[in-house]
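> Sharing a structure below in structure tokens format, with a few things to ask.
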Amino acid sequence: MHPEPQHSEPPRPEPPRPEPPRPEAQRPEAQHPEAQRPEAQRPEAQHPEAHEHGPDEVPHTHPEAGVDPHTPLGEGPRALRIGIGGPVGSGKTALVAALCRALGGELRLAVVTNDIYTTEDADFLLRNGVLPAERVRAVETGCCPHTAIRDDISANLDAVEDLEATLGPLDLVLVESGGDNLTATFSKGLIDQQIFVVDVAGGDKVPRKGGPGVTTADLLVINKTDLAPLVGADLSVMDRDAKARRHELPTVFLSLAEDRRATPVADWIRGLVAARV
Amino acid sequence: MRAEARVVAEADGRGGTRLAVLRGESPLLLRRTGPLVDGWVTVHLVGGAAGPLRGDELRLDIEVGPGARLEMLSVAASLALPGRPAPPSVLTVTASVATGGVLRWLPEPLIAAAGCDHVVVTRVDVADGGSLLWRDDLVCGRHEETSGAVLADTMIRYAGVTLYRHELAVGPGAPGWDGAAVLGGGRAVGTLVAVGADLPRPGIAGPDAAVMPLAGPGMLATAVGDDIRAVAAALGPLCRRSRPVPLLTPASG
Amino acid sequence: MSLATLLLLADGRLPSGGHAHSGGLEPQIAAGRVRDVDGLAGFLRGKLATSGLVSAAFAAAACRRTRQWVDLDGGLDARTPSPALRKASRAQGRALLRAGRAMWPIAPIARDPHQPIALGALAAAAGLTPAEAAVAAAHSMITGSASAAVRLLGLDPYAVHALLARLAPECDRIAAVAAERSGDPVDDLPAVGAPLLDIGAEHHATWEVRLFAS
């Protein structure tokens, strides 16, 4: 009944057998070594000086801050992956809902959320974003939202792969980070392009402060412009500082309260999707 | 002390079950109890001596043939005691259930008295199409007493494949057994493995109890409690037979 | 043997999904059983002696018996009654393989084996011994939950690491036992279970909001 006892075996591993070809998705991405990455793509080594933690955080470590341990995504027939990051309350989930509203009819779309996610949030997306529940996956981040999008992206990659496996080919996957701070950026191993969302209520100094999110994001969204007069924020100052920090990288101003389809952001994504085909 | 007991239940060809073998010796005495009801035969373990004590070697073999229905109960909790310095007491229970056979093993709890050193080895083989309900409850120490050492080593196979393999170690020599990963200070724990027909529904079965679908065709219910009543509250309802069990009327044997 | 390779495999910074798992701690904190470093110590001691031993033995066995991964995986299924824990183990196995494939050539293996099987497969591919695979498994078993305790309870990280240092000899001992038994038939490999880990995982899986995946 029992398998043969193995006592006669030497206590060394058996040599691995040769590997058969694997599908593209499973192949190690060693063909894109870190060294070949263009300098411009490397996140700045801001950590830990520019480090700000939210009020609810507890002590934790930061593996190799500023260094992306993952190789960039390989090219292939897969969905465009866009990361959406930004501080707590800046409007990430509202932006995701707006993009679902704007793009859900024209693109095959799915969402991975790293935020604390409840059925209430799912209902919010269902009601507001016309996104069925099976198109949303929640990833638990063990109280470390930035680890899950930057240092150890495995749970997010699994979620994206599972969405593609269950829904079939997709055009666009939005990966929403958990609310974090100005230093949070996505790994290039997880996403193709990233959007960083700040809001005017956070103060008009945010673009000047910089941080990897503001300086390196492919698109900076300055949200809640409708609140500017109420909080005394000067949008022109924010625009000037963002340009100084970001050089040629685009910045858009948005009021999701007024533009419920996030038109400038949706247009930017449409351009990216069109460029891929 | 060494003792062996053996039960063989067979279909009697008339929709009932007969006991082809019913043999035991102290402290493993077996008694058939109650009339045959709905094809079931019930056998009680009757403690014949104090114990098990260290050094005891006890063995019980149960065989349920095709179409036979056997329920095994015990009249009282068994109490593992220290006794003289000696190797651990060992109780080995083996059971086989043939296709179409049903075995219900629902003994009273085992109590690990302070200083005991007891091992229970359970090996159950259920053939494809057989059914099993296997319950083991353990109380760690008598009232306000520290627990002795008990190792419960269980393997349940179904259709030749290992379905459930589990050891539970409590008492001195089992690091962290009263920590929050194992029993968390609870003094009683019960497990119920169901295989075959009439599986309980999976889900939460109490504040510290759950009914879990195994990877193979079976279900495990586990409950931890401050005392055995909490365990009984969680597992008891899962052990009810579809038809009422007759009142216990020990027969002479 | 390469000590540096072993350290790489055991490093909590290995991007293998571990940071999102509390190793069963989150539900026990919620149940009020772990509130401080002492409570954590009891949790970790019990975990090490139960699922730690099982994981270490299966990691060592998978490292040593690379043609028996399917049988070993089935052995872990039989030792993991909680579906939530099986899911968590397979998710971590999948994530570990993802990291491992980028580091070493790994023989063909299921997409999401149990975590100890994946760990053994990585160890074998990296040229490590079964004993080293066992140490890595036992070590990750306690360090993962300890890190989660710091994040969930705000415990003093120095006090938690002092505890881990005290547990290190026990971790070595467990790994040695595991390695010694790693050649045994699958049914005879360690099977010590922890009822509250099973029960807690099932409760945790029903929560509306949880911070850790398991």
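> Would you list the strands (runs of 3 or more DSSP E) that sit entirely within the stretch B:117-173 and hold 1 or more residues that are more than 19 Å from B:Leu235 (Cα to Cα)? Spell out how you get there, then give the answer.
Working: elements: B:117-126, B:131-139, B:149-158, B:161-170.
Those strands (runs of 3 or more DSSP E) span B:117-126, B:149-158, B:161-170.
> Name the pairs whose Cβ atoms lie under 9 Å apart, with the first residue in the stretch A:188-199 and under 12 Å from A:Phe253 (Cα atoms) and at pLDDT 95 or above, the second surrounded by 24 or more Cβ atoms within 10 Å (Cβ to Cβ) and among the basic types (Lys, Arg), and 6 or more positions between them or separate chains?
A:Val197/A:Lys92
> Answer yes or no: is there a residue in the stretch C:161-182 that is facing another protein chain (nearest Cβ under 7 Å) and free of Cβ contacts under 8 Å to residues at least 24 places away in the same chain.
no
> Go through the stretch C:101-125 and give me each residue that's within 9 Å of chain A (Cβ to nearest Cβ), small (Gly, Ala, Ser) and in contact (Cβ under 8 Å) with a residue 24 or more places away in the chain.
Of everything in the stretch C:101-125, those that are within 9 Å of chain A (Cβ to nearest Cβ), small (Gly, Ala, Ser) and in contact (Cβ under 8 Å) with a residue 24 or more places away in the chain turn out to be C:Ala107, C:Gly120, C:Ala121, C:Ala123, C:Ala124, C:Ala125.
> Is there a residue being closer than 30 Å to C:Pro185 by Cβ, in contact (Cβ under 8 Å) with a residue 40 or more places away in the chain and either touching an Asp or Glu at 6+ places or on another chain (Cβ under 8 Å) or within 7 Å of another protein chain (Cβ to nearest Cβ) (or both) anywhere in the stretch B:226-235? I'd like the intermediate steps shown before the answer.
Within the stretch B:226-235, the subset closer than 30 Å to C:Pro185 by Cβ is none.
So far as the stretch B:226-235 goes, no, none of its residues is closer than 30 Å to C:Pro185 by Cβ, in contact (Cβ under 8 Å) with a residue 40 or more places away in the chain and either touching an Asp or Glu at 6+ places or on another chain (Cβ under 8 Å) or within 7 Å of another protein chain (Cβ to nearest Cβ) (or both).
> Taking the condition within 7 Å of another protein chain (Cβ to nearest Cβ), in a helix (DSSP H, G or I) and farther than 26 Å from B:Trp177 by Cα, does C:Ala148 pass?
no
> Would you mind stating whether C:Ala78 is over 28 Å from A:Ala148 (Cβ atoms), away from chain A (no Cβ under 12 Å) and assigned to a helix (DSSP H, G or I)?
Yes: the conditions hold for C:Ala78.
> Further question on the same structure: Which condition number in (1) assigned to a helix (DSSP H, G or I); (2) of a type outside the set (A, V, I, L, M, F, W, C); (3) crowded, with 20+ Cβ neighbours inside 10 Å is the one that A:Ser236 fails?
Unmet condition: (3).
> So, one more: Within the stretch C:2-24, is even one residue surrounded by fewer than 23 Cβ atoms within 10 Å (Cβ to Cβ), more than 19 Å from B:Ala181 (Cβ to Cβ) and either aromatic (Phe, Trp, Tyr) or in contact with a His (Cβ under 8 Å, 6 or more places away or on another chain) (or both)?
Scanning the stretch C:2-24, I find at least one residue that is surrounded by fewer than 23 Cβ atoms within 10 Å (Cβ to Cβ), more than 19 Å from B:Ala181 (Cβ to Cβ) and either aromatic (Phe, Trp, Tyr) or in contact with a His (Cβ under 8 Å, 6 or more places away or on another chain) (or both), so the answer is yes.
> Now for a separate question. Looking at the stretch B:37-66, which of the residues that are modelled with pLDDT of 95 or more and not in a strand (DSSP E or B) is surrounded by the fewest Cβ atoms within 10 Å (Cβ to Cβ)?
The residue in question is B:Pro66.
> Would you please name the residue that is nearest to the other protein chains (Cβ to nearest Cβ), looking only at residues in the stretch B:133-148 that are closer than 17 Å to B:Thr122 by Cβ and among the hydrophobic types (A, V, I, L, M, F, W, C)?
Looking at the filtered set, the residue picked out is B:Leu138.
> With the structure loaded, tell me whether B:Thr249 is modelled with pLDDT under 95 and either within 12 Å of chain C (Cβ to nearest Cβ) or on the phi < 0 side of the Ramachandran plot (or both) or whether it fails that test.
So B:Thr249 passes the test.
> Exactly one condition in (1) more than 14 Å from every other protein chain (Cβ to nearest Cβ); (2) more than 25 Å from B:Pro217 (Cβ to Cβ) is false for B:Gly179; which is it?
With respect to (1) more than 14 Å from every other protein chain (Cβ to nearest Cβ); (2) more than 25 Å from B:Pro217 (Cβ to Cβ), B:Gly179 is out only on (1).
> Tell me yes or no: at least one residue of the stretch C:86-93 is in contact with a Ser or Thr (Cβ under 9 Å, 6 or more places away or on another chain), at the interface with chain B (Cβ under 10 Å from one of its Cβ atoms) and under 20 Å from C:Leu25 (Cβ atoms).
Among the residues of the stretch C:86-93, at least one is in contact with a Ser or Thr (Cβ under 9 Å, 6 or more places away or on another chain), at the interface with chain B (Cβ under 10 Å from one of its Cβ atoms) and under 20 Å from C:Leu25 (Cβ atoms), which makes the answer yes.
> Here's something else I'd like to know. Could you say which residue among C:Leu153, C:Leu96, C:Leu196, C:Leu128 is among the aliphatic types (A, V, I, L, M), within 12 Å of chain A (Cβ to nearest Cβ) and closer than 21 Å to C:Pro83 by Cβ?
Values: C:Leu153 fails: closer than 21 Å to C:Pro83 by Cβ; C:Leu196 fails: within 12 Å of chain A (Cβ to nearest Cβ); C:Leu128 fails: closer than 21 Å to C:Pro83 by Cβ.
It is C:Leu96.
> Hey, among the residues in the stretch C:176-214 that are β-branched (Val, Ile, Thr) and part of a helix (DSSP H, G or I), which one's surrounded by the most Cβ atoms within 10 Å (Cβ to Cβ)?
Step one: filter the stretch C:176-214 for residues β-branched (Val, Ile, Thr), giving C:177, C:186, C:192, C:199, C:206, C:209.
Going one step further and asking which of them are part of a helix (DSSP H, G or I), we end up with C:177, C:186, C:199.
Working: C:Val177: 17, C:Val186: 22, C:Ile199: 31.
Filtering first and then ranking leaves C:Ile199.
> For the stretch C:26-47, check the following and say yes or no: at least one residue is among the hydrophobic types (A, V, I, L, M, F, W, C), modelled with pLDDT of 95 or more and touching a strand residue (DSSP E or B) at 6+ places or on another chain (Cβ under 9 Å).
Step one: of the stretch C:26-47, the residues among the hydrophobic types (A, V, I, L, M, F, W, C) are C:29-31, C:34, C:37, C:40-41, C:43-44.
Filter once more, so that each one left must be modelled with pLDDT of 95 or more: C:29-31, C:34, C:37, C:40-41, C:43-44.
After this cut, where a residue has to be touching a strand residue (DSSP E or B) at 6+ places or on another chain (Cβ under 9 Å) as well, the list is none.
No, because not a single residue in the stretch C:26-47 is among the hydrophobic types (A, V, I, L, M, F, W, C), modelled with pLDDT of 95 or more and touching a strand residue (DSSP E or B) at 6+ places or on another chain (Cβ under 9 Å).
> Looking at the stretch B:24-36, which of the residues that are surrounded by fewer than 19 Cβ atoms within 10 Å (Cβ to Cβ) and among the aliphatic types (A, V, I, L, M) is nearest to B:Val119 (Cα to Cα)?
By that ranking, first place goes to B:Leu29.
> Mind checking which residues of the stretch A:207-218 are β-branched (Val, Ile, Thr) and touching a helix residue (DSSP H, G or I) at 6+ places or on another chain (Cβ under 7 Å)? Working first, answer last.
Kept after step one, since they are β-branched (Val, Ile, Thr), are these residues of the stretch A:207-218: A:214-216.
Listed by number, the residues that qualify are A:Val214, A:Thr215.
The values are calculated or read from the model by the stated rules, or taken from the named source; none is laboratory data. Keep in mind that what you see is a predicted model, and the values were worked out from it rather than measured. We place every Cβ from the backbone using ideal geometry, glycine too, and count neighbours over all the protein chains shown.
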